[in-house]
Amino acid sequence: MRKIQLIKKKWMEWNHIYKEKSQPVYQFMNRFSLIFHAIWAVIINFSIEAMSRHSVIAAWEYMDVSTRVFFYNAFMIFITFSIVYLFKRRTFVRIIISVLWLFLGIVNGVMLLKRVTPFNAQDLKTFSEGLTLFTNYFSVSELVMMAIAFPIVILLLFFLWKKTGKYRGKINYLMGAVIVALSFGGYTVLTDYVIENRIVSTYFSNIAFAYQDYGLPYCFMASVFNTGMSEPNGYTEEKMDEITNDGKMTETTCERDVLPNVIFVQLESFFDTSEFEALKTSTDPLPNLRKMFEEYSSGYCQVPTIGAGTSNTEFEVVTGMSLRYFGPGEYPYKSYLKKNTAESAATAFASLGYGTHAVHNHSGNFYSRAQVFNNIGFDTFVCKEFMNFVQTENGWAKDEVLLTHIEDCLNSTDQQDFVFTISVQGHGSYPEEKLIDNPKITVTGLETEEKNNQWEYYVNQIYEMDLFAKNLVDMMEQRGEPAVVVFYGDHLPTMGLEENDLKSQNLHYTNYVIWDNIGLEKKDGTIPTYQLMADVMERLGFHAGTMFNYHQQKKEDYNYLSDLELLQYDLLYGEQYAYKGEPVITEGHIEMGIRDAEIVYGSQDLEGNYVIYGKNFTKWSQVYVNGEKQSRKFIHKNKIKLTKCELEDWDVVTISQVGSNNTIFRTSAEYVYVDGSLKLYTDELKEEKIRREQMETAETASLESINETIETERITESAID
């Protein structure tokens, strides 16, 4: 104990001496703080770029070639240090600001090891969803390192807060506020200058290249503040009347007597690997789709993203709108469409009398799809919470499971159907170690074994995706109904492809094919994803949906792109002049899933646990008894075991499909436990329960009456005695 007190005393003495000796240093740094801030901002900016580019040499080349851009970004960092003049603990505030900037660089550098899209503000909006994917992107050892590093950083910051000195002078808050205002004002003026002189740009045709050209600080902040759509020049009611032919562009017409089922399938990270000339495969991974490429309309699909951003390709296809008019790195699914309704392919096909469905073998809440698909008019959405599937070696659902659920959608209505399907099997990351023991296809030709392993994993996934495509068109043929099936890739896989690696010389090109059994003419070509739906509908003689009609009628016009921006702004952020006061959709009506979970019967096992047998159970089926979620174990699609629940007579049991954040997507009919078994809670049983309750009430009342009589007689006899 005495030793501890002695150590504590020595520590306090040393701490006092340290603070006293540090004061001259603090005073010197405060006197010349602006100079030190400028030097430190340059160092931080260089460090950020080195981490983002995974190379000190690359960062130096960037600073040398794009000197004005580099120092513009350094100035942005510099002005953030101006806020230290509003605090006593200036050194600690400087440390916090520095850590935040460096953390930005670290996160971006790590993300670029796993994908090609840099870290941007939209990632913060998908943070809670992204947490569920950590195990797909990071190894166990990496996750452990993160878990250890986080508390260490927090403790270190706490230590620095306690030990760093305070400014001993009197703070002039007015002067500090003026300095902050002048700093940010100067930055605003400088930003206008660099944009006007095209030193940086406000439009990122490729966000990955933009980060390389314009630096992380500017690009990240642009993704924070430059969101949505700004009102374009020339936006007036008269101009919108001109573009939409006085609102007639919102009308629906059809040139076809017999309507086919229409299925769109967005294949995750899909492209024709023969486009990658260095890649050598033991056999063709796409025999079925290649045959379709040769026999049906096909070509390049020009997508808005590279290596990530599935929902943005999805957005362009399903709405006919272009991402180029939104803020850099924006996901409309996470911004506008999460809270607002909008026209889409679903509303267009509905106007033609179609049932409309979305199917996706991943989480219903990811990218807010459950909310978005409701807001854009789909009738149903079937997500992984309604599926039982086989996983890839990397943890993603295989696409074969989609067949059953697409067929369920087609069988759920009497009319023809539009089914929008998003696959997930081809998703990264792609392991550098060999995961598949006996691959169907082997890979050679690349510079390292790790690269060959990555591509071997990928081509074996798309081989199975190709088989899924064959099975889907076979299923449509066997149904004996007219059908059109469109396959296309959402973006290239995240494996460091460069333009020179590809025959197309374009990282925005994937592949598409339009299979049909109705004799459509084969017309090949390159199609941007925001025109794909309109193109297919035009081939079918369908003219529905404002955006799709616009593409069909105006895509050859001189002002096509500028008017596209005006129309897109009008429908989303403007006055909706195109609708003439009658919007196509004002609220959603979606139903999650097609099939209810059903209980057939229940019984106790040897351990005394109650086991429920039924249909359509999945890993995401949760059991509720009288409205309270119970502990349960999913056994298989027909069996769930209750592990900590004893059922009593007239307990009401339901089964719900539950997504992330405890979102209940769909709930079964009510079942009731009575006389030792689970039964559908019919009106007859509800009446039976009422009768039994009435009988119990009557019996209770009768017993109470008898007891009262006995008690009265006892009292009377006692009084007589």
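Here are a few things to note about the model shown:
- DSSP beta bridges fully contained in the chain are about 65 percent antiparallel.
- Modelled label reach - ALA181, point 7 Å along Cα→Cβ, the range 203-234 residues with backbone N closer than 18 Å: none
- Computed with a 1.4 Å probe over protein heavy atoms only, the accessible area of SER621 comes to about 0 Å².
- Share of carbon and sulfur in the accessible heavy-atom surface of the range 471-610 [1.4 Å probe, %]: 39
- Gyration tensor verdict on the range 190-344 (Cα atoms; rounded if a/c is under 1.5, prolate if a/b is larger than b/c, oblate otherwise): oblate
- SER603 accessible area, 1.4 Å probe, all protein chains in place, Å² to nearest 10: 40
- Applying the criteria of a DSSP loop state and at most 11 other Cβ atoms within 10 Å to the chymotrypsin sites (Phe, Trp or Tyr not before Pro) of the range 500-579 yields TYR558.
- Over the chain, accessible surface divided per residue gives 49 Å², non-protein components excluded, 1.4 Å probe.
- Helix-only CD estimate at 222 nm, as mean residue ellipticity for the chain, using -39500 (n - 2.57) per DSSP H run (n ≥ 4): -15000 deg cm²/dmol
- Cross-link pairs beyond the 29 Å C-alpha cut-off, checked among LYS239/LYS555; LYS523/LYS554; LYS384/LYS689; LYS440/LYS470; LYS334/LYS503: LYS384/LYS689; LYS334/LYS503
- Taking trypsin sites (Lys or Arg not before Pro) across the range 574-660, the ones in a DSSP loop with at most 16 further Cβ atoms lying within 10 angstrom of their Cβ are LYS580, ARG595, LYS619, LYS637, LYS644.
- Projecting the Cα positions of VAL110, ALA345, ILE83 onto the charge dipole of the chain (unit charges on Cβ atoms of Lys, Arg, Asp and Glu, taken about the Cα centre) puts ILE83 furthest along the positive direction.
- Low-density loop positions, chymotrypsin sites (Phe, Trp or Tyr not before Pro), the range 278-345 - DSSP coil, at most 15 other Cβ in 10 Å: none
- Note on surface exposure: LEU410, LEU680 rank LEU680, LEU410 by accessible area, highest first, 1.4 Å probe.
- Each of (i) 81, 72, 56; (ii) 102, 95, 63; (iii) 85, 67, 44 is a candidate for Cα extents along the principal axes in Å; the one calculated from this structure is (ii).
- Computed magnitude of the charge dipole of the range 300-451 (debye, nearest 20; Cβ of K, R +1, Cβ of D, E -1): 500
The values are calculated or read from the model by the stated rules, or taken from the named source; none is laboratory data. Nothing here was measured: the structure is a model prediction, and the numbers come from that model. When we count neighbours, we look across all protein chains shown, and the Cβ atoms used for this are built from the backbone with ideal geometry, even at glycine. Areas reflect the complete protein model, heavy atoms only, side chains present, ligands, DNA and RNA absent. Shrake-Rupley method; radii C 1.70, N 1.55, O 1.52, S 1.80 Å.
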